[in-house]
Amino acid sequence: MYMTTLLITATIIFGLSALYFFTFRKQYGSHFPWLVSFITVISYLVIIMNTSGAVDPVSLLWTRWVGYGVSCTLLTASMVKIFGLTGNQKTTALILTPLIMLTGVLAAIASNVTFLILFFAIGMVPFLALIALLKKASTPKNASVLNYVYFGWMAFPVIFLLSPESFSVVESLPLILGAYLIADVFTKIVFYVTSRKFLRGNREERESLG
Amino acid sequence: MYMTTLLITATIIFGLSALYFFTFRKQYGSHFPWLVSFITVISYLVIIMNTSGAVDPVSLLWTRWVGYGVSCTLLTASMVKIFGLTGNQKTTALILTPLIMLTGVLAAIASNVTFLILFFAIGMVPFLALIALLKKASTPKNASVLNYVYFGWMAFPVIFLLSPESFSVVESLPLILGAYLIADVFTKIVFYVTSRKFLRGNREERESLG
Amino acid sequence: MYMTTLLITATIIFGLSALYFFTFRKQYGSHFPWLVSFITVISYLVIIMNTSGAVDPVSLLWTRWVGYGVSCTLLTASMVKIFGLTGNQKTTALILTPLIMLTGVLAAIASNVTFLILFFAIGMVPFLALIALLKKASTPKNASVLNYVYFGWMAFPVIFLLSPESFSVVESLPLILGAYLIADVFTKIVFYVTSRKFLRGNREERESLG
């Protein structure tokens, strides 16, 4: 019950933020901020649909990582723009993100704890490679954006390890879902709002947005 | 029985159109026209395989929207070329189309009517955003192409709402599949044939096609 | 038992090659070589997880083609760079490869032998189209790279047709998995090592790799 209320709250938050970012898409110089929130709405609705009335809701949370596979690739695309990555590095960053999330799906559906740990550990490789790519391209001016990766993105695997999805350190599912929600808001809403000055292109580019 | 005959007819139609567009790929200045028809062949074969002999064929039609996720993204890429979208707008258009089809998959597999309506309604957002993007970029010379979106693309959600997949306004599945086929032919074959003059690039570009 | 040993060996081989290509990514001028090996590691781990202790392991091997859908698209991207494809041809090559692997998945999960043959035959179309695209763009200097497509890529559908996954000409699953492994090593490791001279860009491009 608590769980569904929390998930519906999350859906409404991201519905409103999608509306906000869509309205101000020209100021943000991109359609990506509203698309990220919009995809998060879909992801939360899928979780609500799958878990409502389910006997074992924990086993049905893996779709979250599929949603992140799409939304976080757009987030990465925005970071790629902020840090000015191009060519092979840009392409690599855009491949690493869905690869991280694929290992997330596999860890979440792993048939036993050995494979859970294996896929989790393996997922750290593209994650660290992505951080290295972004960090190397950062400048003193935009390095603060990296904090969203260090403290925001990093939160998700930590929450996963604490959750009933893996080692049940925290046994309360609503608490875990609340932690995911905070990390979601931080990395997808607060990130875009505070990074606006880095994201917006020149006047012409903004005007061209439909 | 009628249903399988109709699906096989559809497969043959798109097999022949794939062959036609492949043969004349230089005149069309692109590999996309034959790829769209070719992917549609695969999609119809999957539907035939899944539904033949099935007790509840209606519940197995959702793969159609996965197929559209690929084929219609290529259609959008062709429209993006016709309307001259570039940069963030081009990328956005190419993200919106599979997003529309994802909501189609979710509406088709929704566990109850509330979620069906929710995913359907939510899918209208990227659909309208795509139409707005294309319309804004259109010129008096190529605006006629938009009719394929207004009257062609729009047909699919309408057919879905009438079909046994959702509200069973039309109870005959062959009739529904016939309607989908007409919409398929209109948006994927008639569209390319009539839009050829907008699609073909310069001589050099065409010659380079393998 | 033999089977699991073989699959673990394959995982270790590609884990080591991922490490090798990551270490020497600047010499190779690209992140793709290590990513291809890394994705292959994930693909082998999924096969190990799914088949260990399974009553019918043969029916669970289809995930291989999903893995190829990702890794071979990166291989194609490297070939596209070697052969200098651009524009519509580049995009087409990058669409054809996952399309080939999609038909591989469908042939592997086909409900009966008719559909198996149909999806297999249909998959030859994008395969031949890809070969034609690459061959047309090749020069006497780099034409030797095509041998990896002719003798390497071509091996996979041949092994599939011999395997218990389809016609059981070779009934030993370890033998089939060994054949796949040799083809994997040839097309993903030997290919990159021998093609290094064609892949590495200029000094500046290499230096920029993170």
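Here are the numbers for the structure shown:
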| quantity | calculated |
| --- | --- |
| Span per principal axis, largest first, for the Cα atoms of the protein assembly as shown (Å) | 57, 54, 53 |
| Charge dipole (debye, nearest 20) of the protein assembly as shown; +1 at Cβ of Lys and Arg, -1 at Cβ of Asp and Glu | 2860 |
| Calculated SAXS-style log₁₀ I(q)/I(0) at q = 0.15, 0.18, 0.22 Å⁻¹ - the range B:85-210, Debye, Cα scatterers | -0.83, -1.09, -1.35 |
| Cα-based shape type of the range B:11-86, given that a ≥ b ≥ c are square roots of the gyration tensor eigenvalues and the cut on a/c is 1.5 | oblate |
| At 0.692 mPa s and 37 °C, Stokes D of the range A:22-61 from Kirkwood alpha-carbon radius, µm² per second | 279 |
| Cβ-based charge dipole, the protein assembly as shown, positive-most Cα from C:ASN112, A:GLY15, C:SER163 | A:GLY15 |
| Loop trypsin sites (Lys or Arg not before Pro), the range A:135-196 (other Cβ atoms within 10 Å of the site Cβ: 11 or fewer; DSSP) | A:LYS141 |
| Exposure proxy ranking, count of Cβ atoms within 10 Å, fewest first, for A:ASP184, B:ASP56 | B:ASP56, A:ASP184 |
| R0 of 41 Å, Cβ-Cβ distance C:VAL190-B:GLN27: FRET efficiency to nearest 0.05 | 0.50 |
| P(r) of chain A over all Cα-Cα pairs, binned every 5 Å from zero, in whole percent | 1, 7, 15, 19, 20, 16, 11, 6, 3, 1, 0 |
| Teacher prompt: B:ILE182 distances to equivalent labels in other copies, 7 Å Cα→Cβ, nm | 5.7, 5.7 |
| Cβ neighbours within 10 Å from other chains - mean over C:79-90 | 2 |
| Radius 12 Å from Cβ of B:GLY84, net charge of other residues (Lys, Arg +1; Asp, Glu -1) | +4 |
| Between 0 and 90°, nearest 10: helix B:113-137 axis offset from chain B longest Cα axis | 10 |
| Helix-only [θ]222 nm of chain B, DSSP H runs n ≥ 4, -39500 (n - 2.57) each, per residue, nearest 500 | -23500 deg cm²/dmol |
| Alpha carbon centroid spacing (whole Å) that separates the range B:1-28 from the range B:47-115 | 19 |
| Choice from C:VAL105, C:VAL193, C:VAL145 with maximal GNM fluctuation in chain C (Cα, 10 Å cutoff) | C:VAL193 |
| Anisotropy class of the range B:63-159 from Cα gyration tensor, a/c 1.5 cut | prolate |
| Cα-based equivalent ellipsoid of the range A:119-176: semi-axis lengths in Å, sorted from largest, via gyration tensor | 28, 14, 5 |
| With Cα atoms, 0 to 90° folded angle of helix A:63-83 axis to chain A main axis | 20 |
| Helix axis angle, A:2-23 relative to chain A longest principal axis, alpha carbon, degrees | 10 |
| Cβ-derived FRET efficiency at R0 45 Å, C:THR86 paired with B:ILE109, nearest 0.05 | 0.70 |
| B:ASP56 versus B:MET154: modelled label distance in nm, points set 7 Å from Cα along the beta carbon direction | 3.4 |
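Any read-out appearing in this document is the output of simple, stated calculations on the displayed coordinates, not a laboratory observation. Model, not experiment: these values are computed from the prediction. Every residue, glycine as well, gets a Cβ built from its backbone with ideal geometry; the counts of neighbours run over all protein chains shown.
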